[in-house]
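First up is the structure itself, then whatever we jot down about it.
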Amino acid sequence: MTDGEIAALVQGDRVHSRVYTDPAIFAREQERIFRRVWLYLCHESQIAAPGDFLRTRLAGVPVIAVRQADGGIKALVNRCTHRGAEVCQHESGRAQRFRCPYHGWTFAADGRLVGLPLRAGYAPGFQMADHGLAAVPRVAAYRGFVFASLAPDGPGLADYLGPMASAIDDMVDRAPDGAVEAVGGLHRHAFPGNWKLQMENLQDYAHPAFAHESSNAAARPDERERVELDEEDIMAANRGADIAWIERAGVSAFPGGHSYIGALPLQQPMPPEAERAYLAALRARHGEARANEILAVQRHVAIVYPTLAFQSALQQIKVIVPVRVDYTEVYVHCFRLKGAPPEYHRAAVTFVNAANSPASLILTDDLEIYGRAQQAMTEAPGWLRFACGTGRDVADNRGGAKGPGYSELAMRNQFATWSEYMTGRMPRAA
């Protein structure tokens, strides 16, 4: 496809379904988006000691994130330089060396080839130093969250994050000890749909009242007998948020495809003694005024485009992993606020299980919708509309725009950025 043909698929508030279903477009996304941007790699606490590693993928490339002896972090391409097999088979662990299971080539934690069976069988000029594991060219961290880029040059991480660094600040600042740690493994799920469906849904306040209507009713037995609900009734049943509440929550979008939506009334109250202990610890670190500022930030989901989402107040992130045009994996990590009473971590675990475990009614609703949408768009291609909130966008002083919480502003922003990347342009810095 030409750049012009790609550009024609995104026209303001309408987008052609081909962007979700065409394998050639997905292949182009890998090259023009995912292999150019900063992607989430891991959290420093997951590989805290020298030799600690975890296995993951970046834009389809298998990599091993490894803590180095000097405290730095490398992302090594998990492909043997001999005959191409994946060297590391374990999800995570600690190792000083990685041995390929095929022919035994062995690599140090920094990627150097250090073991070569049948060494005498190679010509005298064979140089082991030339056959180490390739390294991802750029790795950088912000407040413990580690990102990597397959592009050797381009904007630095700070420029790339722009105002969305505040999503990380929002989580880390809530920790009385000034740090968070990933604990308890992760939830992993997949769905038969395009990755963009998940990214859009994370900024969509209009869908829960309808997609999750049966789940909400199951949680409220007293409402099961109501058979006729108008729109505001259904919205009001959605965690207590009516249309006016959602409008006030708002959505903010920024250059680079980033965005966030304001908070719903999600959190359960803490036991009074735990809340008092937490506030005392936070104020001891920051002072009362700053502690109040930190807790005043209320965002439901913040998007770092293209594939990372923070629910900072709920201590979780979602990493979206595009696998095929019609198949996506999602990894959900829960974090502990260091220095906070244990009740805060238990509440975060309760939420992440309720919203993202295989037993979650909410998650399964969403995955079913994604699969149905993918199938329908594949079988009946056509134009989609993202017109809600059009004309109500208001420019802000950070180069972005704001709209009411039910607006599809964030989706329009994502597709404007998508079009820029896909036609060879570097989106305007955030």
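The values are calculated or read from the model by the stated rules, or taken from the named source; none is laboratory data. Owing to the predicted nature of the structure, the values given are computational and were not obtained by experimental measurement. As a convention, Cβ positions derive from the backbone with ideal geometry for all residues, glycine included, and neighbour counts pool all protein chains shown.
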Which of the residues that make up segment 346-377 are surrounded by fewer than 18 Cβ atoms within 10 Å (Cβ to Cβ), closer than 11 Å to HIS187 by Cβ and of a type in the set (S, T, N, Q)?
ASN353, SER357
Going through (1) exposed (fewer than 15 other Cβ atoms within 10 Å of the Cβ); (2) at pLDDT below 95 one by one, GLY262 fails only at (1)
Quick one: how many residues across segment 173-202 are surrounded by fewer than 21 Cβ atoms within 10 Å (Cβ to Cβ), in contact with a strand residue (DSSP E or B) (Cβ under 7 Å, 6 or more places away or on another chain), farther than 28 Å from ARG35 by Cβ and of a type in the set (A, V, I, L, M)?
1
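Looking only at strands (runs of 3 or more DSSP E) that lie completely in segment 19-124, which have at least 2 residues being farther than 19 Å from PRO322 by Cα? Before you say what the answer is, go through the steps one by one.
On the way: elements: 39-43, 52-58, 61-67, 73-77, 92-94, 97-99, 106-108, 113-115.
In segment 19-124, the matching strands (runs of 3 or more DSSP E) lie at 52-58, 61-67, 73-77, 92-94, 97-99, 106-108, 113-115.
Does VAL66 fit the bill of being within 20 Å of the chain's Cα centre (by Cα), within 21 Å of ARG79 (Cα to Cα) and surrounded by 18 or more Cβ atoms within 10 Å (Cβ to Cβ)?
When the stated conditions are applied, VAL66 does not pass them.
Residues are listed down the side, and each one gets a yes or a no for (1) closer than 23 Å to PRO23 by Cα; (2) free of Cβ contacts under 8 Å to residues at least 40 places away in the same chain; (3) within 17 Å of the chain's Cα centre (by Cα):
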site	(1), (2), (3)
VAL330	yes, no, yes
TYR344	no, no, no
ASN356	no, no, yes
MET411	yes, no, yes
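Test ALA158 against the stated conditions and say whether it is in a strand (DSSP E or B) and either modelled with pLDDT of 95 or more or under 33 Å from the mean Cα position of the chain (by Cα) (or both). Give the steps one after another, and end with the answer.
On the way: in a strand (DSSP E or B): no; either modelled with pLDDT of 95 or more or under 33 Å from the mean Cα position of the chain (by Cα) (or both): yes.
Criteria not met by ALA158.
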Pairs with Cβ under 6 Å, 6+ apart, first in segment 304-317 and in the same structural domain as VAL183 (by TED's automatic domain parsing), second of a type in the set (Asp, Glu) and surrounded by fewer than 23 Cβ atoms within 10 Å (Cβ to Cβ)
SER312/ASP170
